[in-house]
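What follows draws every value from the coordinates through simple rules; no lab data is involved. Just so you know, these numbers come straight off a predicted model, no measurement behind them. Here the Cβ positions follow ideal geometry from the backbone for every residue, glycine too, while neighbour counts run over all protein chains shown.
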Amino acid sequence: MSYRIAGIDVHKKMLAVVLSDVEVEGEYQFERRMAGTSPDQLRSLAEWLLEHEVEEVVMESTAQYWRPVWEALERHWKPIRQKREGAGPMSGTLHLAQAQSNRGPGGRKKDFPDAERLVKRLVAQELTLSFVPDVEQRLWRTVMRRKYQLTRNRVQFHNRLECLLEEAHIKLSSLVSDLLGASARRMLQALAAGETSPATLAALADQRLRATQEQLCDALGACQDLRRAAQR
């Protein structure tokens with residue numbers, strides 16, 4: 001009984017797809033096909049793989065371009081293949097190979113030969129495969145990654161803002177716990193709008209702020225130098 005495996009060399013706008021019966025003795029005989037990466041084209045690819053009774057698919061982790069291909073096959077090919085009568089334990093399996101483990105001679109890229117090499121090395125267990133979690137886990141990973149990035153961006157912006165104020169001898173960060181808090185934002189927004197009077201800026205602080213008006217005026221005293229520097 002034939003056992004077909006497909007290899008996909010992934011690019012941004014096109015896919016080089018090959019499939020072969022890996023249980024046939026002798027040299028592999030590959031069937032080749034070029035495919036697009038639009039949603040409709042990926043659904044057509046999944047249908048083509050089903051028509052040819054492909055049991056496993058291996059692709060290369062090229063930048064982020066492999067993700068739509070993986071998700072389309074995960075949705076339109078994998079469940080149908082797994083539920084068919086007589087499906088084996090590996091039926092409907094998707095493999096993601098690290099690009100380094102599929103490099104050709106001299107590191108040169110050739111679409112169909114690269115796809116064929118994926119199949120051969122998968123069968124020979126020579127590929128380094130990456131773990132790809134299920135859909136729900138990938139979603140949570142994305143959410144947590146974005147949350148981490150936003151937090152890191154906020155910290156970086158806070159540090160750059162504090163550095164800028166220190167260079168201008170505006171010691172606001174010594175009196176407020178958060179330069180991005182409500183009181184500090186009101187004072188900084190007014191300063192950005194052209195207000196340079198320390199007393200006026202200090203009056204924008206929240207009454208619950210521990211710093212006194214005199215302390216704020218002293219910390220913001222260098223703002224007057226900004227007006228003189230702008231007038232020169």
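Would you mind counting up the charge near Y3? Only other residues with Cβ under 12 Å from its Cβ, with Lys and Arg at +1 and Asp and Glu at -1.
Numbers: positive: R4; negative: D21, E23, E53, E55, E56.
That works out to -4.
So what are the three principal axis dimensions of the stretch 1-121 from its Cα atoms, in whole Å, longest to shortest?
That gives 43, 37, 21 Å along the principal axes, largest extent first.
About the Cα centre, and with charges only on the beta carbon of Lys, Arg (+1) and Asp, Glu (-1), how big is the dipole of the stretch 106-145? Nearest 20 debye, please.
Dipole size: approximately 220 debye.
In debye, nearest 20: dipole of the chain around its Cα centre with unit charges on the Cβ of K, R (+) and D, E (-)? Please report the intermediate quantities before stating the final value.
On the way: 35 positive and 31 negative charges, 196 e Å.
The calculated dipole for the chain is roughly 940 debye.
What does the helix-only formula give at 222 nm for the chain: each DSSP H stretch with n ≥ 4 adding -39500 (n - 2.57), the total divided by the residues, and the result rounded to the nearest 500 deg cm²/dmol?
Values: 9 runs with 108 residues, N = 232.
Only helices count here, giving -14500 deg cm²/dmol.
Shape of the stretch 1-54 from its Cα gyration tensor (a ≥ b ≥ c, root eigenvalues): rounded if a/c is under 1.5, otherwise prolate when a/b > b/c, or oblate? List each step's numbers first, then the result.
Working: a/c = 3.67, a/b = 1.81, b/c = 2.02.
It is oblate, given that a/c is not under 1.5 and a/b is not larger than b/c.
Could you calculate the FRET efficiency of L129 with L161 from 1/(1 + (r/R0)^6), where r is the beta carbon distance between them and R0 is 45 Å, rounded to 0.05? Walk me through the intermediate numbers first.
Working: r = 45 Å, r/R0 = 0.99.
So, using R0 = 45 Å, E works out to roughly 0.50.
For K83, go through the lysines and keep the ones whose alpha-carbon is under 27 Å away, minus same-chain ones fewer than eight residues off.
Within the straight-line cut-off, K83 pairs with K120.
For the chain, just run the numbers: alpha carbon Rg, then divide by 2.2 N^0.38 Å, N being how many residues it has.
Values: Rg = 30.0 Å, N = 232, 2.2 N^0.38 = 17.4 Å.
Computed over Cα atoms of the chain, the ratio equals 1.72.
Write down Rg/Rh for the stretch 123-232, rounded to two decimals, with Rg from the C-alpha atoms and Rh from the Kirkwood relation over Cα pairs.
Values: Rg = 22.5 Å, Rh = 17.0 Å.
Here Rg/Rh amounts to 1.33.
Based on the mean of other beta carbon atoms within 10 Å per residue, what is the order of 189-201, 14-26, 57-69, most packed first? Don't jump to the answer; show the numbers that get you there.
Numbers: 189-201: 14.5, 14-26: 16.9, 57-69: 18.9.
Listed from highest to lowest mean packing, they are 57-69, 14-26, 189-201.
Relative contact order for the stretch 103-220: what percent, with Cα pairs under 8 Å and sequence separation of 6 or more? Intermediate values should be presented prior to the final figure.
Details: 58 pairs, mean separation 20.6, N = 118.
Reported relative contact order: 17 percent.
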